[in-house]
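The values are calculated or read from the model by the stated rules, or taken from the named source; none is laboratory data. In this text the structure is predicted, and so the values were computed from the model without any measurement. Every residue, glycine as well, gets a Cβ built from its backbone with ideal geometry; the counts of neighbours run over all protein chains shown.
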């Protein structure tokens, strides 16, 4: 009997600031993007990162949220009630072609 090994899918998660009610105290601007890699990007506000982290981990590891229409996209707000930054977390599969480009 021959067993076929199936590699689990690998994903990257892109964090993008898509909206806010007031200018961000940390200086983030709508359209700013970061790539999630389990460590905080040096220019992303720590408070925002801490609120995004659990959701980004779920997306990166293949999980989904039942309340989202698109299983690869999630919106999360930062905890600053004066600013209310809204971040989009978008999961993309890392294909062999994309993996080669990263090297």
The lone condition residue 78 fails out of (1) out of contact with any helix residue (DSSP H, G or I) (no Cβ under 7 Å at 6 or more places or on another chain); (2) at pLDDT below 95 is (1)
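Okay, residues lined up against (1) surrounded by fewer than 13 Cβ atoms within 10 Å (Cβ to Cβ); (2) part of a strand (DSSP E or B):
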residue: 28; (1), (2): no, no
residue: 47; (1), (2): no, no
residue: 63; (1), (2): yes, no
residue: 67; (1), (2): yes, no
residue: 71; (1), (2): no, no
residue: 76; (1), (2): no, yes
residue: 84; (1), (2): no, no
The condition of being touching a strand residue (DSSP E or B) at 6+ places or on another chain (Cβ under 6 Å), assigned to a helix (DSSP H, G or I), buried (at least 16 other Cβ atoms within 10 Å of the Cβ) and at pLDDT 95 or above holds, among 52, 89, only for 52
(1) surrounded by 14 or more Cβ atoms within 10 Å (Cβ to Cβ); (2) at pLDDT 95 or above all hold for residue 57 apart from (1)
Modelled with pLDDT under 95 and touching a helix residue (DSSP H, G or I) at 6+ places or on another chain (Cβ under 9 Å): does that describe residue 69? no
